[in-house]
Amino acid sequence: MSFSVVIVAAGGGTRAGPGLAKQWRALAGKPVLRWSVEALLSAGARQIVVVVSEDGEPLVDTALAGLTGWRTTRGGTIRADSVRNGLAALDGPPAEPVLVHDAARPFVTAAHVAALLKALDGADGAIPALPVADTLKREGEAGLTTTSRDGLWRAQTPQAFRRDRLLAAYAAWPLGEPTDDAQVVEADGGRVAIAPGDPLLMKLTFPEDFEMAERLAGAARITRTGQGFDAHRWGPGEAVWLCGVRIDHDQTLIGHSDADAGLHALTDAILGAIGEGDIGDHFPPTDPRWKGAASHLFLKHATGLVAARGGRLVNVDVTLICERPKIKPHRQAMRERLAEILELPLDRVSVKATTTEGMGFTGRGEGLAAQALATVETPS
Ligand code: MG
């Protein structure tokens, strides 16, 4: 079933502590807003309108880089105005279902969406809701009293409506802030159905919510390993590039780019970890643009692909195989250069070296070889 989405991301979120508003903060390496947008796009959303404040405009392009099917509109002074603006920015059939979602609930899934759309059938609205499990207390002048939890539900988002029905309800809503969109439809005489809620639809409000969400997000992530190998032939020259460091030498490595076999092997390892082919697929040696290119560009491209899928590099390990030059005096500089390019702490970057005791092409001094391993963590 075709549906559209309004995501409200215009809030300041001051209760979550100082710094960026919560929708822009990183959760397991990915902005909170991006979690919802990716999930709702993969659930089949036809269009997503993200409602942002003026402060949010410069942040949203970065947060959602590489994704299509979304656009922004400006928020109002209260959430109800932001929802109104979001609804006005949608196009398509007036009775199409629209999901209104809080950016601060990152763990929405296609299953939540399917359950809501099913519950919306024959109702004016549908909300995910959980029965109240804890005993409820009210603090008053007489001290604590116990309140019955019978028939009480905790409403979550996304909430589903027919767009024209929600617009009509908002048109009839008096000024002021409803606590959710379903309240607006209820007040207009509409019937709101309940779909199964989910603790994972938790709203990130307080700093401790982020800690719990980090743990949940981390538990869902997978670890991948990739390996790479490269070799280049020695030729006349006066210096060689290895792991991003220029070393004075009586020969150089021959190649289309700067022939940095360490960086090439490492680039292939990272590409391998995410199933993105090899360095030749991305930077064909026949392409004149890469003639003499500094190989850190290749590496940056690979780490960019990891970031684009919400992943992060965990650690890398490079082995250089040659008789000469001696690598050890340059190892620390290589690690530091790699850590800089990869934006990793130094203890997650390893550079090792070995000879082949005079055997084979490296032993005979015909060429240098490099091997690399990369570990990457991704959402799936
Ligand atoms: Mg190479």
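Looking only at the range 227-240, count how many residues are surrounded by fewer than 22 Cβ atoms within 10 Å (Cβ to Cβ) and over 17 Å from E323 (Cβ atoms).
Qualifying residue count for the region: 5.
Taking the condition crowded, with 16+ Cβ neighbours inside 10 Å, assigned by TED's automatic domain parsing to the domain that holds E357 and in a loop (DSSP other than H, G, I, E, B), does E323 pass?
Considered against the rule, which asks whether it is crowded, with 16+ Cβ neighbours inside 10 Å, assigned by TED's automatic domain parsing to the domain that holds E357 and in a loop (DSSP other than H, G, I, E, B), E323 comes out as no.
Would you tally the residues in the range 340-380 being in a helix (DSSP H, G or I) and closer than 18 Å to H296 by Cβ? Step through it out loud before you land on a result.
Residues of the range 340-380 in a helix (DSSP H, G or I): 340-342, 346-348, 360-363.
Imposing the further condition that a residue be closer than 18 Å to H296 by Cβ reduces the set to 340-342, 346, 348.
Residues in the range 340-380 being in a helix (DSSP H, G or I) and closer than 18 Å to H296 by Cβ: 5 in total.
State which residue is farthest from P97 (Cα to Cα) when the search covers only the range 168-198 and only residues that are crowded, with 16+ Cβ neighbours inside 10 Å and touching a Pro at 6+ places or on another chain (Cβ under 7 Å). Show your work before the answer.
So the first thing to find is which residues in the range 168-198 are crowded, with 16+ Cβ neighbours inside 10 Å, and the list is 168-170, 173, 178, 180-186, 188, 190, 192-195, 197-198.
Applying the additional criterion that residues be touching a Pro at 6+ places or on another chain (Cβ under 7 Å) yields 184, 195, 197-198.
Working: V184: 16, A195: 15, G197: 19, D198: 21 Å.
Across the range 168-198, the extreme among qualifying residues is D198.
Please give the number of the condition L253 fails out of (1) more than 21 Å from L373 (Cβ to Cβ); (2) near the ligand (Cβ under 9 Å from one of its atoms); (3) open to solvent by 20 Å² or more (accessible area, probe 1.4 Å); (4) aliphatic (A, V, I, L, M).
(3)
Would you pick out the residues in the range 256-274 that are more than 13 Å from the ligand (Cβ to nearest atom) and more than 21 Å from G304 (Cα to Cα)?
Residues satisfying the conditions do not exist here.
I need the full set of residues from the range 29-44 which are open to solvent by 10 Å² or more (accessible area, probe 1.4 Å) and free of Cβ contacts under 8 Å to residues at least 60 places away in the same chain, in order please.
Residues satisfying the conditions are P31, L41.
Using the structure shown, decide if G92 is over 17 Å from the mean Cα position of the chain (by Cα) and either open to solvent by less than 40 Å² (accessible area, probe 1.4 Å) or of a type in the set (G, A, S) (or both).
yes
Considering only residues of the range 257-297 that are open to solvent by 10 Å² or more (accessible area, probe 1.4 Å) and at positive phi, which is modelled with the lowest pLDDT?
Checking each candidate, the answer is G292.
Having 1 or more residues that are over 31 Å from the mean Cα position of the chain (by Cα), of a type in the set (S, T, N, Q) and assigned by TED's automatic domain parsing to the domain that holds A339 is the bar; report the strands (runs of 3 or more DSSP E) wholly within the range 227-293 that clear it.
Qualifying strands (runs of 3 or more DSSP E): 251-254.
Do the conditions hold for G277, that is, is it touching a residue at least 24 places away in the same chain (Cβ under 8 Å) and more than 10 Å from the ligand (Cβ to nearest atom)?
It is false that G277 is touching a residue at least 24 places away in the same chain (Cβ under 8 Å) and more than 10 Å from the ligand (Cβ to nearest atom).
Okay, residues lined up against (1) surrounded by fewer than 16 Cβ atoms within 10 Å (Cβ to Cβ); (2) more than 35 Å from the chain's Cα centre (by Cα); (3) free of Cβ contacts under 8 Å to residues at least 24 places away in the same chain; (4) in the same structural domain as A307 (by TED's automatic domain parsing):
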{"position": "A339", "(1), (2), (3), (4)": "no, no, yes, yes"}
{"position": "K352", "(1), (2), (3), (4)": "yes, no, no, yes"}
{"position": "M359", "(1), (2), (3), (4)": "yes, yes, yes, yes"}
{"position": "G367", "(1), (2), (3), (4)": "no, yes, no, yes"}
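The values are calculated or read from the model by the stated rules, or taken from the named source; none is laboratory data. Just so it is clear, the model here is predicted, and its values are computed rather than measured. Ideal geometry is used to build each Cβ from the backbone, glycine not excepted, and the neighbour counts take in all protein chains shown. Please note that ligands, DNA and RNA were not included when accessible areas were found on the heavy atoms of the full protein model with its side chains. Shrake-Rupley method; radii C 1.70, N 1.55, O 1.52, S 1.80 Å.
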